[in-house]
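Asks: Pasting a structure below so you can have a look.
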Amino acid sequence: MNKSDCLTANWQLIGFEDGSLGKNESQISQHRKECSEHGVTPDLSAYRKGHFEGSKLFCTTNNGFTRGSQGKDYDRSCPQQFEAAFLIGFSEGQTLYGLKKVLNQRAADLESAYKELDWLEHTIAEKSELMIADGLNRKQRIVVRDEIAQYQQQQVELYDLLPELKYEFENAHQAYEQGKDAFSGY
């Protein structure tokens, strides 16, 4: 806060804004520090009153769910009488967020496997062309042949892994959809 802000501050409104944004009541210490440089002391009583009113808007079950489902933190800013309702929503939101994270990871794992298979197929084709190209001696062809065999083995292992990756993705997708249904009241 600058000097003008400190001199003309409506501490109840500042408290309301902080509370409605989910900032902890201890935020006033930052305002106090900034305004002390200008010889202004915040009105703690007005700030607390505003913060309490603003917290009523922030500390709802629905807002808790929204914050939890977005993976946001909660810094214990809700007054005791509102905190239980907020935490119910927050906990359920975190559950849905966790299911979404697992789904995203399973999708990334599956996509990565497909990309690696594409790369292996392309690389095997290139190495196969190199095998029949002019200019390679016997020793070089053996090296290329061994590389192809190694890539083919990796390809087989990935193809064997695909059903498991697909199964894990489908399970994660189903769990996420069930979570969305379970929390559809928000």
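Asks: How about segment 84-96: which of its residues are of a type in the set (A, V, I, L, M) and either within 17 Å of Glu17 (Cα to Cα) or open to solvent by 50 Å² or more (accessible area, probe 1.4 Å) (or both)?
Replies: Those that are of a type in the set (A, V, I, L, M) and either within 17 Å of Glu17 (Cα to Cα) or open to solvent by 50 Å² or more (accessible area, probe 1.4 Å) (or both): Ala84, Leu87, Ile88.
Asks: For residues in segment 8-27 being open to solvent by 50 Å² or more (accessible area, probe 1.4 Å) and among the hydroxyl-bearing types (Ser, Thr, Tyr), which is farthest from the chain's Cα centre (by Cα)?
Replies: So, considering only residues that are open to solvent by 50 Å² or more (accessible area, probe 1.4 Å) and among the hydroxyl-bearing types (Ser, Thr, Tyr), the one farthest from the chain's Cα centre (by Cα) is Thr8.
Asks: Would you please name the residue that is nearest to Glu157 (Cα to Cα), looking only at residues in segment 117-142 that are surrounded by 14 or more Cβ atoms within 10 Å (Cβ to Cβ) and in contact (Cβ under 8 Å) with a residue 24 or more places away in the chain?
Replies: Per the stated criteria, the residue is Leu117.
Asks: Exactly one of these conditions fails for Asn104: (1) assigned to a helix (DSSP H, G or I); (2) open to solvent by 40 Å² or more (accessible area, probe 1.4 Å); (3) in contact (Cβ under 8 Å) with a residue 40 or more places away in the chain. Give me its number.
Replies: (3)
Asks: Turning to a different aspect of this structure: Just to check your reading of the model, which residue among His38, His51 is over 14 Å from Phe86 (Cα atoms), in a loop (DSSP other than H, G, I, E, B) and touching a helix residue (DSSP H, G or I) at 6+ places or on another chain (Cβ under 6 Å)?
Replies: His38
Asks: Which numbered condition in (1) charged (D, E, K, R); (2) surrounded by 11 or more Cβ atoms within 10 Å (Cβ to Cβ); (3) outside any helix (DSSP H, G or I) is the only one that Arg145 fails?
Replies: Every condition holds for Arg145 apart from (3).
Asks: Residues in segment 71-83: is at least one out of contact with any strand residue (DSSP E or B) (no Cβ under 7 Å at 6 or more places or on another chain), assigned to a helix (DSSP H, G or I), charged (D, E, K, R) and open to solvent by 50 Å² or more (accessible area, probe 1.4 Å)?
Replies: Checked segment 71-83: no residue is out of contact with any strand residue (DSSP E or B) (no Cβ under 7 Å at 6 or more places or on another chain), assigned to a helix (DSSP H, G or I), charged (D, E, K, R) and open to solvent by 50 Å² or more (accessible area, probe 1.4 Å).
Asks: Let me ask another. Going by what's in this entry, would Leu158 be described as modelled with pLDDT of 95 or more, farther than 30 Å from Leu21 by Cα, assigned to a helix (DSSP H, G or I) and not charged (D, E, K, R)?
Replies: Answer is yes for this residue.
Asks: From (1) under 24 Å from the mean Cα position of the chain (by Cα); (2) of a type in the set (S, T, N, Q); (3) buried (at least 18 other Cβ atoms within 10 Å of the Cβ), pick out the condition that doesn't hold for Ser112.
Replies: Looking at each condition in turn, Ser112 falls short on (3).
Asks: Another question, if that's okay. Looking at segment 68-126, which of its residues are among the small types (Gly, Ala, Ser) and within 30 Å of Lys56 (Cα to Cα)?
Replies: Gly68, Ser69, Gly71, Ser77, Ala84, Ala85, Gly89, Ser91, Gly93, Gly98
Per-residue answers, yes or no, for (1) open to solvent by less than 70 Å² (accessible area, probe 1.4 Å); (2) of a type in the set (S, T, N, Q):
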{"residue": "Lys3", "(1), (2)": "no, no"}
{"residue": "Cys6", "(1), (2)": "yes, no"}
{"residue": "Ser29", "(1), (2)": "yes, yes"}
{"residue": "Leu44", "(1), (2)": "yes, no"}
{"residue": "Phe58", "(1), (2)": "yes, no"}
{"residue": "Ser69", "(1), (2)": "yes, yes"}
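The values are calculated or read from the model by the stated rules, or taken from the named source; none is laboratory data. These numbers were taken from a predicted model, which means no experiment stands behind them. In this analysis, Cβ positions are derived from the backbone assuming ideal geometry, glycine residues included, and neighbour counts consider all displayed protein chains. With ligands, DNA and RNA removed, areas are computed over all heavy atoms of the protein, side chains included. Shrake-Rupley method; radii C 1.70, N 1.55, O 1.52, S 1.80 Å.
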